[in-house]
Each structure stands twice: as structure tokens, then as C-alpha cells.
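Taking it in order: structure first as C-alpha cells, then the write-up.
The values are calculated or read from the model by the stated rules, or taken from the named source; none is laboratory data. Please read all numbers here as calculations on a predicted model, not as lab measurements. Ideal geometry is used to build each Cβ from the backbone, glycine not excepted, and the neighbour counts take in all protein chains shown.
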């Protein structure tokens, strides 16, 4: 029983395994056929897409390129063989190869529906046809592109140049009002550039690529020149047509205003300068119309600077007129007065020389003054000539002459004043010497009387030589003053020596006499103590001896000290 049960179990397992195996085989077979079908559809789809792309390339871009080459060949006969070759290849591909490829796609679609075996057979047969069609179309497209590529590149290059020209025209329009005199020139150049673009297009349409490039180079040259000139031309034109003419008008107005004040300006040659400015402006305008800017800015700046200098010169002349009016009359009067002073001085000199002995140094100064006076009068005559000339002289020249006249007159005035001061000093020195002689003679006598009253012979003897010297100098001064011409320098020397001697005697004698009187008073006071102090007798004798030896100050100082001492002892 157990054996039968075991056998039944094994049979069940075997049967189940067999069923599973059969199912697996069936699944494998079915999946293989299903996978193969999916793969075939993907392959066919890829070929169909490739065919569609190639056909679009052939009938789209390639036919457009061929039409472009046909148009070029109508202009440039050298391109005709190339066109015919490309067109023949295109016709072959469109009429033969495209139909074969299209038929192959159709057959593959039918084979896919028939089964894997039929598709595989059809695929191996028709795939090469489609790939060959792709290769031929791609080759044609490449050859056409290589033929058209130079034209495309050149056309792309011209885009930048056209854009640059557009920008240049915009800049020109922005400054058109400022560039009024140059408008015809710009219009001619723009027309010429447009003509070059047309020539460029014609050359490009005819596949004359080198010629087209040459036109493009000319266009670029014009563009570069226009771009550069538009950076500097507007300002130069405004300067030449507006700013400088306005400055010239201002110059004319300033000139008329200055001449209205009767200010001579003929030396500035204003009319000739204005005429020259206008001539230069005409030349500059002609240059700018031709876009020739060489030296234009320098010339315009030079004109502007010259105008500024002229206007400044007008103002200077007007200021000089005021200065001349303020300085001329007083300077002229002063020079005339100075001339008269000098003449009076010269006329007086013989009398002065007769009375006084003149220092040689001042004789030279008088000669120097004569030279300076001659120079001053020469400048004055020159100024008079300018003032009375037929042509009025510029006030700057007249003021310069007035300043020169002032300078020369100052030199003369210094010398004349110095010489007059010198002559006056001669009189003062002589009068002073004469007066001092009288005064000091009397003073010497008074001092001698004072000495005699002092009654100290030894002291008086000390001054005998001084008094003799003083009287001798008084005598010498008096003698010199009485002589003609008076030697004033000697009078001055002796007067100074006499004054110094008198001052010294006055100081010494006055001081010593004061001490002498004081010493006498102290000695008298000391005599009151003689009865009480026996030793005082000897001391008083010593002091009296010093007194009679002329030692008044020493006697006074010792005596006053003794007086204080005995006064204290008595207390």
C-alpha cells in the first residue's frame, strides 16, 4: 500500500515537470517570434526616417542650391558646366534613385507584414539600395555646399559692414546740423558706398568672389574713414563756421568800442588780422568739405589765441589810456619844476663856489646830475614828439615813455636834492662854527673864573693847556671862516673837536668844583671836633693836603667818612 502511494506521488511530479517544460518551450518560441517582430519594426522605422530625411534634403536644400547655381550661371557662363553637372546628378537621384529607394521602403513594409523570414530576406536585398541613395544625396549636398559656401561666407561678412554703415549714418544724422557745409560731401560718399554695395551684390550674384571681396574692402575703407572723421569733424566744423566767426565778431565790436574812446590801435593791424582770419577760415572750410583735417585744429586754436591776445591788447591800451591821463600831467609838471631847480642850482654854483670850498666828490655828483638831466630832457623831447606826431602813438608806448621819464626824473631829483642838502649843510656848518666860537669863548672864560675862585693853583694848572687849545681852535675857526672860499670840512672838523673839548672841560670842572665845595663844607664840620679829638688834627691836615692837590672827590669821600665816625663817637 505504501509502495503504491509512493509511485503515485512520483508520477504526479513527473507529469507536472513535463507540463512546465512544455509551457516554457512554448513561451520561448512565442517570445522569440515577438522580439524578432519588434526589432524588424525598429529597423524599418530607422530606414524610413533616413529615407525621408535624405529625400527632404534632395528636394529642399539641394534643389535651392541648384536653382542658385542656375541663376549664377545665367550671369557667369563659366558656372554653366557646373550647373549642368549638378542638375544631371539631381535628375538621376530624383527620377531613378529616389523611386528605387521609395519602392524598397514599400517592399520592406509588405515583408514585415508577411513575417520575419520574408522581412529578413527583403531587408538584406533592399537596405543597400536605401543606403546607396543616402550616400549619393549626401555627396551631392556636400558638393553643392562647397560650391555655395564662398558666397555665403562673403554675404555673412557684408552683414557687419552694412550694420556699420547704418550706425555711421545714424551718427551723421545726429550731427547733420553741425555738418551743414559737409552735407553734400557726405551724401556723395554715401551714394558711392551704396553703388559699391550694388556692385558687390552683382559680383556676388555672378560668383565673382574676388571681385566681390575687392568691393567689400573699398566699402570698409570708406566706413573706417567715415567713422574716424565723424569723431572729429563736427567740432571742427562748428569751430570754423560758428565759434571762430563769433570770436571775430566780438573782436570787431571790441575794436570799435576801443576806437570810440580815441584809443590808437593801428599798431595792432586789426583789420589786416581779421582779413587774414577770414581767408584762413575759407581755406579751412574747403579742407573740411574734403574731409581734410590736417593742421585744422592747430590753425583754429592759433586764430582763437590771436583774437584773445588782440582783445587783451585792447583792454591794455584802454587801461594805459587811463594810466597816461593820471600820470602825464603831474609827471610833466614835476620834470619842468625839476629842470628849473637844476638850472637855479647851476646858476647859483659860481656864487657858492666863491663862498665855499666844494668837495670834489660833490663836484662829480653835479656832473652826474647834468648827465641825468640831459637824459631826462631827451626822454621828455621824445615823449613830446610822440604826442605831437601826425600818427597817434599807442598809449602803451606813451605810458612807457612816461614811466621812463619818471625813472629819469627820480635820478635827477635824488642828485639835485642831495646837492642842495649838501650846500645847505655847508651854510649850517659855517654858521654853527661861527656861533660855537662865540658861545664857547665866553664859556671858557666863565670856567676860568670858576677855577680862579676855587684858588687851587695846582688844579688850575691841569687845564691851562686845554684852554689854550680851545682858544687856538676858536681862533683857527674864525680865521677859516673869514677866508674865501671857506674850507667847510676843516671848519666842521675843528668845530667838532672844539665841541668835544668844551663838553669834556664842562663835565670835569663842574663835577670837580662840586666835590670841592662839598669837601670844604665837610672839613668845616670836622673842625668842630678838633678840641675833643686830638688825633683829628693830623687827619685834617692830610685831607687839606689832598684838597690842594686837586683830589676833591677823594677828599670829600674820606672827610664824610671821618665826619660820620666822630659824630658817632660823640654820641
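Taken over segment 106-116, the residue count meeting the criterion of being without any contact (Cβ under 8 Å) to a residue 60 or more places away in the chain and in contact with a helix residue (DSSP H, G or I) (Cβ under 9 Å, 6 or more places away or on another chain) is 6.
No other residue among 284, 219 is modelled with pLDDT of 90 or more, in contact with a helix residue (DSSP H, G or I) (Cβ under 8 Å, 6 or more places away or on another chain), part of a helix (DSSP H, G or I) and surrounded by 15 or more Cβ atoms within 10 Å (Cβ to Cβ) apart from 284.
Residue-by-condition table, conditions (1) under 30 Å from residue 267 (Cα atoms); (2) crowded, with 20+ Cβ neighbours inside 10 Å; (3) modelled with pLDDT of 90 or more:
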| site | (1), (2), (3) |
| --- | --- |
| 399 | yes, yes, no |
| 416 | no, yes, no |
| 428 | no, no, yes |
| 434 | no, no, yes |
| 440 | no, yes, yes |
| 462 | no, no, no |
| 465 | no, no, yes |
| 471 | no, no, yes |
| 475 | no, no, yes |
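So for segment 353-371 (the condition being more than 30 Å from residue 483 (Cβ to Cβ) and out of contact with any strand residue (DSSP E or B) (no Cβ under 8 Å at 6 or more places or on another chain)), does at least one residue qualify? Taking every residue of segment 353-371 in turn, at least one turns out to be more than 30 Å from residue 483 (Cβ to Cβ) and out of contact with any strand residue (DSSP E or B) (no Cβ under 8 Å at 6 or more places or on another chain).
Of the residues making up segment 503-547, those that are surrounded by 14 or more Cβ atoms within 10 Å (Cβ to Cβ) and closer than 28 Å to residue 470 by Cα are 505, 506, 508, 509, 512, 513, 515, 516, 547. For residue 358, the conditions (1) outside any helix (DSSP H, G or I); (2) surrounded by fewer than 13 Cβ atoms within 10 Å (Cβ to Cβ) all hold with the exception of (2).
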